[in-house]
Amino acid sequence: MIPVYIAVGVIAIDQLTKILIRANFALGETLPVIGDFCRLTYVRNTGTAFSMFQNNHMVTIGLTTVLLVVCLLFMIIEWKRGSRAVSLSVTLVLAGGVSNLLDRLIMGYVTDMISIGRFAIFNFADMAVVTGCVFAAILIILASREEEDDEYRQ
């Protein structure tokens, strides 16, 4: 049940921040938060990560849907196997993907607003996806090291 609460929380925070940005910023408007390093900038992304597949809704929606189904199945399998950490990392990816998919289906674009340095502008859902992927990668690395240690001991 914990993954459901995490997913709902990520989606709620992401959607709320997007609503607030759309209601209070003009498209392209920027508000410095920490000088030029960190800014809130309202942009619309019609593509996927790093704006790939711009204005190709069928690809972005189809690709996102397939990836979300795979993540959901993987999360359920890992949860049932007792791998809570892997399941929770996939939950972050799933929740971020669902929230951005909601934007694509409802708005026709994803609302992005966080700008750090010269990096791409992103949103809270994107942060959840990246955090989930990094956490999963760390878990995979730790598991492979554990397997190597077990093989060495034998």
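The values are calculated or read from the model by the stated rules, or taken from the named source; none is laboratory data. Just so you know, these numbers come straight off a predicted model, no measurement behind them. Because the Cβ atoms are built from the backbone with ideal geometry, glycine has one as well, and the counts that use them run over all protein chains shown.
Taking the conditions (1) farther than 23 Å from Val93 by Cα; (2) part of a helix (DSSP H, G or I) in turn, Asp36 satisfies each one other than (2). Scan the stretch 1-31 residue by residue and report those that are closer than 18 Å to Asn45 by Cβ, under 15 Å from the mean Cα position of the chain (by Cα) and either modelled with pLDDT under 95 or polar (S, T, N, Q) (or both). Residues satisfying the conditions are Gln15, Thr17.
Residue check, Ala143 against (1) free of Cβ contacts under 8 Å to residues at least 12 places away in the same chain; (2) crowded, with 16+ Cβ neighbours inside 10 Å; (3) out of contact with any strand residue (DSSP E or B) (no Cβ under 6 Å at 6 or more places or on another chain), all met but one. Which one? It fails just one condition, (2).
Quick check on Ser115: is it small (Gly, Ala, Ser), touching a helix residue (DSSP H, G or I) at 6+ places or on another chain (Cβ under 9 Å) and buried (at least 16 other Cβ atoms within 10 Å of the Cβ)?
Values: small (Gly, Ala, Ser): yes; touching a helix residue (DSSP H, G or I) at 6+ places or on another chain (Cβ under 9 Å): no; buried (at least 16 other Cβ atoms within 10 Å of the Cβ): yes.
No: the conditions fail for Ser115.
Residues of the stretch 89-103 that are more than 11 Å from the chain's Cα centre (by Cα) and either surrounded by fewer than 20 Cβ atoms within 10 Å (Cβ to Cβ) or outside any helix (DSSP H, G or I) (or both): Leu102 alone. Considering only residues of the stretch 39-84 that are surrounded by fewer than 13 Cβ atoms within 10 Å (Cβ to Cβ) and not in a helix (DSSP H, G or I), which is modelled with the highest pLDDT? Within the stretch 39-84, the match that is modelled with the highest pLDDT is Gly82. Pairing each residue of the stretch 123-136 that is surrounded by fewer than 17 Cβ atoms within 10 Å (Cβ to Cβ) with any residue that is of a type in the set (Ser, Thr, Tyr), provided the two are 6+ apart or on different chains, yields C-beta distances under 9 Å for Thr131/Ser89; Cys133/Ser89; Val134/Ser89. Would you check which residues across the stretch 16-39 are farther than 13 Å from Asn123 by Cα and without any contact (Cβ under 8 Å) to a residue 40 or more places away in the chain and list them? Once the filter is applied, which keeps residues that are farther than 13 Å from Asn123 by Cα and without any contact (Cβ under 8 Å) to a residue 40 or more places away in the chain, the stretch 16-39 yields Ala23, Asn24, Ala26, Leu27, Gly28, Glu29, Leu31, Pro32, Val33, Ile34, Gly35, Asp36.
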